[in-house]
């Protein structure tokens, strides 16, 4: 249930709930074996199993970054990224679904008082969403008629609501981009389109909406988007209300590729104790100095990547606690830092798969899933290293405009 505060600004005094943050990470660790045992079934049906979803329900791993006023757990960005990494060690697809729904549901906690009260009235819902390509919203009395098709809707089969990017098309043909609308699951259909090599178990199918009515209260306008605070807003003041929208979503999703490669490292280290180094004199890989060097180097790269990612989320946490927004330069560096971590993880994954050998590409081998899933996540537009480097380089050089709009990083 939604809990209003008589003095919303007092929420900031609570800070992030470190105890809850530790609990969700420990809960994720406890689910790793279950997730791993369900991963193949999830890949075959192309979305998480009911058993996995119930386990995440029971562990309360949805809406963990949502503020407590809405029934969430109020954890930090750093706790969220750590939770995602642990889930990904069990199954990266489940980690991704968790991060997408957690991120989208948190974004909704920044919406208007009226929308918060509607969507969180019965507890924290599962909300999935896609902003691109945008659908169309035609103004009508009391709201809009919305139509569109949104691919890559991760977790949508388990969501109660969808958050969809739309451009408003006015009667004179003028288009206003950058808006979001909320549509209940009963008003859209899911098109079976998710046939991919990596992240097979995320259920990232296409959502189709055909002329659905969306009342005005469920539209978030670009001119007054999520980080806009209406004068007199009641449901506001928790630390998470001060996160920059896209920075939070993109940094915390880094936990999944991180966890995938940490899981790959654990698997390779375990098998090296018994797996022969075929074609050599070594009965065990662990007897080879070359293998030891490669594993040690990969492990250091993974450790470096975790350090970079967590430093980026800690910077977001610190700014939120100070009730300030990051400067453009800080956001650019923060993005490049996380993107650089993806490059380092890519290098580590290549090394580890050479150690694991050709048998690691058998679909029954856990290494195959970690490798496939990481390589897909690493190519999400928010993770691509060269874009992060260009954004930061342009910021340092004072070159405008940036490669992407500043609000996107």
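Within the stretch 223-244, restricting attention to residues that are without any contact (Cβ under 8 Å) to a residue 24 or more places away in the chain and in a loop (DSSP other than H, G, I, E, B), the residue that is nearest to the chain's Cα centre (by Cα) is 228.
Scan (1) within 25 Å of residue 32 (Cβ to Cβ); (2) touching a helix residue (DSSP H, G or I) at 6+ places or on another chain (Cβ under 9 Å); (3) free of Cβ contacts under 8 Å to residues at least 60 places away in the same chain for the single condition residue 296 breaks and write down its number. Going through the list (1) within 25 Å of residue 32 (Cβ to Cβ); (2) touching a helix residue (DSSP H, G or I) at 6+ places or on another chain (Cβ under 9 Å); (3) free of Cβ contacts under 8 Å to residues at least 60 places away in the same chain, residue 296 breaks only (2).
With respect to residue 313, is the statement that it is outside the structural domain of residue 89 (by TED's automatic domain parsing), under 21 Å from residue 76 (Cα atoms) and surrounded by fewer than 23 Cβ atoms within 10 Å (Cβ to Cβ) true? Criteria not met by residue 313. Considering only the stretch 155-168, I want to know if a residue exists there that is surrounded by 22 or more Cβ atoms within 10 Å (Cβ to Cβ), on the phi > 0 side of the Ramachandran plot and either part of a helix (DSSP H, G or I) or at pLDDT 95 or above (or both). The answer is yes, given that some residue of the stretch 155-168 is surrounded by 22 or more Cβ atoms within 10 Å (Cβ to Cβ), on the phi > 0 side of the Ramachandran plot and either part of a helix (DSSP H, G or I) or at pLDDT 95 or above (or both). Selection of the stretch 35-74 for residues being on the phi < 0 side of the Ramachandran plot and within 15 Å of the chain's Cα centre (by Cα) yields 61, 62, 64, 65, 66. Whether a residue is without any contact (Cβ under 8 Å) to a residue 40 or more places away in the chain and in contact with a helix residue (DSSP H, G or I) (Cβ under 7 Å, 6 or more places away or on another chain) was assessed, and residue 326 does not pass this test.
Determine, yes or no, whether residue 202 is in contact (Cβ under 8 Å) with a residue 40 or more places away in the chain and under 22 Å from residue 40 (Cα atoms). Criteria met by residue 202.
The values are calculated or read from the model by the stated rules, or taken from the named source; none is laboratory data. Just so it is clear, the model here is predicted, and its values are computed rather than measured. Cβ atoms come from the backbone with ideal geometry, glycine included; neighbour counts cover every protein chain shown.
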